[in-house]
1. By the gyration tensor of its Cα atoms, with a ≥ b ≥ c the square roots of the eigenvalues, what is the shape of the range B:44-123: rounded for a/c under 1.5, prolate for a/b over b/c, or oblate?
2. Mind checking which of A:T59, A:T78, A:T45 has the largest fluctuation in a GNM of chain A, springs on alpha carbons under 10 Å?
3. Summing -39500 (n - 2.57) over the DSSP H runs of n ≥ 4 in the protein assembly as shown and dividing by its residue number, what mean residue ellipticity at 222 nm do you reach, to the nearest 500 deg cm²/dmol?
4. Mind checking the alpha-carbon convex hull of the range B:1-153 and giving the volume per residue in Å³?
5. Against the longest alpha carbon principal axis of chain A, how many degrees, from 0 to 90 and to the nearest 10, is the axis of helix A:141-150 turned?
6. Just add up the charged neighbours of B:A158: K/R +1, D/E -1, any other residue whose Cβ is under 11 Å from the Cβ of B:A158.
7. Quick check: from the Cα gyration tensor, does the range A:80-188 come out rounded (a/c under 1.5), prolate or oblate?
8. Taking the Cα centre of each part, how many Å lie between the range A:28-95 and the range B:84-115?
2 protein chains.
Amino acid sequence: LSESIVGMVVSVLVAGEAHGLASQALAEAEVTLEGFKGDKHSGLTHPSGSRTPWYPRGTIIRNSRQISLVSEEELAETARALELPELPPEWIGANLLIRGLPGFTQIAPGTRLFFGRDTFGSGTFGSGAVLAVEGENYPCKTAGAEIERHVAGRPGLAVQFPKAAIHRRGLVAWVERAGFIRPGDLVHIGPPEE
Amino acid sequence: LSESIVGMVVSVLVAGEAHGLASQALAEAEVTLEGFKGDKHSGLTHPSGSRTPWYPRGTIIRNSRQISLVSEEELAETARALELPELPPEWIGANLLIRGLPGFTQIAPGTRLFFGRDTFGSGTFGSGAVLAVEGENYPCKTAGAEIERHVAGRPGLAVQFPKAAIHRRGLVAWVERAGFIRPGDLVHIGPPEE
């Protein structure tokens, strides 16, 4: 099983209400059952949009896309595919940059991600936030356009991004348990054994 | 893919606040984002319990187990395994009895189940309730005890039920989209093609 797969939080970011997709790094995120406090994607419910085209636009549905998570390793692969020196998580509005979980975007829907700072076995790890994976985040031209806006002399990046980032654009998730998430926290796939 | 797999709602049931596990059949269920209206398992959040032993008991978490769904065919298999003439969904507190979806309990976490009465292609199917699969419901002795209580002269059923029902005790789910569900409604795995 996956007991031994432990990642680390590199960055914690929030996308405020300002227009645009971009997020900003913070020293910590307060995570409620609505999502990251202050993030525009927070809420127990939200209006349906382009991600759920089978509902009339604006139908109030339960929000299972509160938080966007990306992998440092996968972002580096996408940057290489686009021949970019860097691809910061801020540009594509991510909330969490994670290091050390191979095949991050393929983590199965329904998987719980446990966050905490304590070493396992201390009995206190379970005090942190827990996210439930909704599924793979499919890369879109909106995120591509934000990248293109940051890179001088590279018209076309908006359109190139979706293909370059497919199956490595990370996950969207909802909060099962409230808490705080900070850079340096560990990420455990499934309940830590205590 | 699964476009052509369509099941049918046989019964709609609600478990009221009365003690015990049992549910009662109704002519329709009003489904809100909290669950089945009037059901004791409803709520956008709920206190953690024996199903999430990694949280301190009573921690308020997101409720992803609002609704219990069982399959007519799987219930019949479990009844045969227990040498029972019947195993009504009421006894084990189910909210929906579904017919015609093979391997029901193995439907993957995150799958959306679309409910509606209209034939597909009419453009109006999408007005019904939509549930998101949390996952397999693991059979427990509490449900077994309720069965034993209904069957004269069969002590031991409480303990026999978990083994007899494993991987065919159905699913638990949460509501993505509100609506009504009625006996005779169709159940579509994933968005109906319209």
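1. oblate
2. Ranking A:T59, A:T78, A:T45 by mean-square fluctuation puts A:T59 first.
3. Values: 6 runs with 58 residues, N = 388.
Result for the protein assembly as shown, helices only: -4500 deg cm²/dmol.
4. Here the figure is 136 Å³ per residue.
5. With both axes taken from Cα atoms, the answer is about 80 degrees.
6. Working: positive: B:K141, B:R149, B:R154; negative: B:E146, B:E148.
Around B:A158, the charge tally is +1.
7. On the way: a/c = 2.70, a/b = 2.19, b/c = 1.23.
In terms of gyration-tensor shape, prolate.
8. 32 Å
Computed from the coordinates by the stated procedures, all read-outs in this text should not be read as laboratory data. Treat the numbers as computed from the prediction; the structure is a model and nothing was measured. Neighbour counts run over all protein chains shown; Cβ positions are idealised from the backbone, glycine included.
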